[in-house]
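Here the structure is laid out as structure tokens; the discussion comes afterwards.
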Amino acid sequence: MQLDQIIEQSKAMGYGEIYIKMEPSVGLQAFVVIHNTKRGPALGGCRFIEYASCADALTDALRLGRGMSLKAAMANLNYGGGKAVLMRPAQPFDRVALFAEFGKFVNELGGRYITALDSGSELTDLDVVAQQTAYVSGTSADQSDPSPHTVRGVYRSMEAAIKFQFNKTSFKGMHIAIQGMGHVGHDLAQRLHQQGATLTIADKNQALAMRYAEDLNARVVAPEAINEVVCDVFAPCALGGILNKKTIPLLKTSVVVGAANNQLDEPKADADLLMQRGILYAPDFVANAGGLIFATMDYEHKPIEKADEKIDEIYDTMMAIFSEAKSQQCSTEMIAEKIAEERLR
Ligand code: NAD
């Protein structure tokens, strides 16, 4: 994509600030995007993965940063949305030196952006960042892994969805298909298994899925087959864009609730498609806000119980979205986006 196009797209998404930092001596090529600070400083993780081009990296950051604004607004947090994307060098690099430079970059932004963990970054990287700036949430000293908190919110969202769709208050006998057995997917599977759910699982890393299958008493299917499994709930916990015009017609589920960010490839069209098929969709930025809620509490040194209380509120938020969507005959995604956008104005 051309730079002009990206800038136009970012304006349409409501962006005002995009920062770039390059430090070739350590291989740092980083973007920080700040989507919205009306509710408070922008908090969002630093993604550290390989990208084919700078345009891809910036586009990813822009998409994710807006999602963080929606997430924070829906969870009623006094934070805005932003994101950092660090392009992982293809050549060997000094990880400590790279993250130290990134820490200086974050510090130069003077607190308008607070960084945290994301795909590809580790708590030890944040330790390095924390030596350069106070604007960081989560270090290895306090073992601030957001994943269990994300799982808590996804689980509460799933409880709301099965209550709304099937009038059920228990997972006993329910069949859940989970895509992705990473930090979130595996923990979620364990919880659901303990509650008597029947599980079908898949991971790109088939050996990983096979390893977990016995303990979870789960059936393993190929990664490309998981969204066609006949089930009560489909839980995307791997990657974005999984719900699209090709996959939605193939779904054999009544409910979709998962942790992955940006599950809908084209939010409006895909959300409408799900609604037309009678599939109840739990908007991802509401369902997976547990990690962000925990990160904000951790940043403010609040007790973990406070985070749990707030994460549990996701159940009521989700119920309200489902009810409103039903009464207005529009998609759950559009209802949630509308509420969030209003709170961001
Ligand atoms: P993770 O990297 O630990 O796990 C992702 C898993 O998905 C990996 O095991 C990977 O092999 C698998 N995978 C990738 N592509 C796949 C495919 N095509 N089919 C099947 N499996 C595939 O990530 P995570 O921390 O468990 O997060 C899962 C999702 O939730 C991500 O999209 C992430 O952005 C989102 N999320 C996570 C958190 C959190 O606190 N960890 C918070 C909010 C959102």
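The values are calculated or read from the model by the stated rules, or taken from the named source; none is laboratory data. This one's a predicted model, so the numbers in the text were calculated from it and none came from an experiment. Cβ sites come from the backbone with ideal geometry, for glycine too, and all protein chains shown count toward neighbours. When the accessible area is computed, the model is the full protein with side chains, heavy atoms only, and any ligands, DNA or RNA have been set aside. Shrake-Rupley method; radii C 1.70, N 1.55, O 1.52, S 1.80 Å.
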Considering only DSSP beta bridges with both partners in the chain, what is the antiparallel share in %, to the nearest 5?
-> 30 percent
The alpha-carbon center of the range 301-345 and that of the range 28-46 are separated, in whole Å, by 22 Å
Extend 7 Å from the Cα of M319 along its Cα-to-C-beta direction; within the range 134-159, residues with backbone N under 17 Å of that point are 153-159
Which loop trypsin sites (Lys or Arg not before Pro) in the range 121-179, with loop taken from DSSP, have no more than 14 other Cβ atoms within 10 angstrom of their Cβ?
-> K172
Quick one: helix 332-344 against the long Cα principal axis of the chain, what's the angle to the nearest 10°, folded into 0 to 90?
-> 30 degrees
Name the long-range amide H neighbours of V256: under 5 Å, sequence gap of 5 or more, or other chain; modelled H, no Pro or chain starts.
-> F234, L280, Y281, A282
Roughly speaking, what is the centre-to-centre gap between the range 55-106 and the range 215-256 when only Cα atoms are used, to the nearest Å?
-> 28 Å
Only Cα pairs under 8 Å and at least 6 apart count here; give the relative contact order of the chain as a rounded whole percent.
-> 16 percent
By how many degrees, 0 to 90 and rounded to 10, does the Cα axis of helix 267-276 deviate from the longest principal axis of the chain?
-> 0 degrees
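What size of dipole, in debye to the nearest 20, comes out for the chain about its Cα centre when the only charges are +1 on Lys and Arg C-beta atoms and -1 on Asp and Glu C-beta atoms? Intermediate values should be presented prior to the final figure.
On the way: 34 positive and 42 negative charges, 142 e Å.
The calculated dipole for the chain is roughly 680 debye.
Using a/c under 1.5 as the rounded threshold, could you call the chain rounded, prolate or oblate? The axes a ≥ b ≥ c are square roots of the C-alpha gyration tensor eigenvalues, and prolate needs a/b larger than b/c, oblate otherwise.
Working: a/c = 1.59, a/b = 1.43, b/c = 1.11.
Judged from the Cα gyration tensor, the chain comes out prolate (a/c at least 1.5, a/b above b/c).
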Measure of size requested: the Rg and Dmax of the range 147-344, with Cα atoms as the atom set and Å as the unit; please supply both.
-> 15.9, 46
At 0.36 nm per residue, minus the direct Cα-Cα distance, what do N107 and V26 gain on full extension? Give it in nm, one decimal, please.
-> 27.4 nm
For the range 98-115, just list the computed ³J(HN,Hα) in residue order, Karplus coefficients 6.51, -1.76 and 1.60, θ = phi - 60°, integers in Hz, with x standing in for Gly and Pro.
-> 5, 6, 5, 5, 4, x, 5, 4, 4, 5, 4, 7, x, x, 6, 10, 10, 9
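Once you order the gyration tensor axes a ≥ b ≥ c over the Cα atoms, which shape class does the range 1-118 get: rounded for a/c under 1.5, otherwise prolate or oblate by comparing a/b with b/c?
Values: a/c = 2.05, a/b = 1.36, b/c = 1.51.
Oblate.
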Rounded to 10°, Cα long-axis angle of helix 290-299 versus longest principal axis of the chain = 40 degrees
Between E342 and K38, the two model label points (7 Å from Cα along the beta-carbon direction) sit apart by a distance in nm of 1.2 nm
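Based on the Cβ-Cβ distance from S119 to Q328, what FRET efficiency comes out when R0 is 35 Å, to the nearest 0.05?
Details: r = 35 Å, r/R0 = 0.99.
Approximately 0.50, to the nearest 0.05.
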Check: the range 107-242 dipole with +1 on Lys, Arg Cβ and -1 on Asp, Glu Cβ, in debye = 640 debye
Relative contact order (%) - criterion: Cα under 8 Å, at least six apart; region: the range 269-345 = 37 percent
Long-range amide H partners of R47, meaning residues 5 or more apart or on another chain whose placed amide H is closer than 5 Å, are A84, V85, L86
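As a check on your grasp of the helix formula, calculate [θ] at 222 nm for the chain: sum -39500 (n - 2.57) over DSSP H runs of n ≥ 4, divide by the residue count, round to the nearest 500.
-14000 deg cm²/dmol
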Length gained, K11-Q195, 0.36 nm per residue minus C-alpha separation, equals 61.7 nm
For the range 90-237, rounded, prolate or oblate, judged on the Cα gyration tensor with a ≥ b ≥ c (square roots of eigenvalues), a/c < 1.5 rounded, else prolate if a/b > b/c?
-> prolate
Kindly state, to the nearest 0.05, the FRET efficiency for D142 paired with Q206, given R0 = 45 Å and r defined as their beta-carbon distance.
-> 0.80
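Treating only the Cβ of Lys, Arg, Asp and Glu as charged (+1, +1, -1, -1), what charge dipole size does the range 147-344 show about its Cα centre? Round to the nearest 20 debye. Display every interim value, and only then the final one.
Working: 20 positive and 26 negative charges, 103 e Å.
That gives the range 147-344 a dipole magnitude of about 500 debye.
For an R0 of 35 angstrom, estimate the FRET efficiency from the Cβ-Cβ distance between E305 and D4 and round to the nearest 0.05.
Working: r = 49 Å, r/R0 = 1.40.
Efficiency, rounded to the nearest 0.05: 0.10.
Ranked by accessible surface with a 1.4 Å probe, highest first, in what order do E228, E309 come? The partial results should precede the final answer.
On the way: E228 75, E309 110 Å².
Output order, biggest surface exposure first: E309, E228.
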Residues in the range 195-233 reached by a label modelled at K168 [backbone nitrogen below 11 Å; 7 Å Cα→Cβ] | 196-199, 231-233
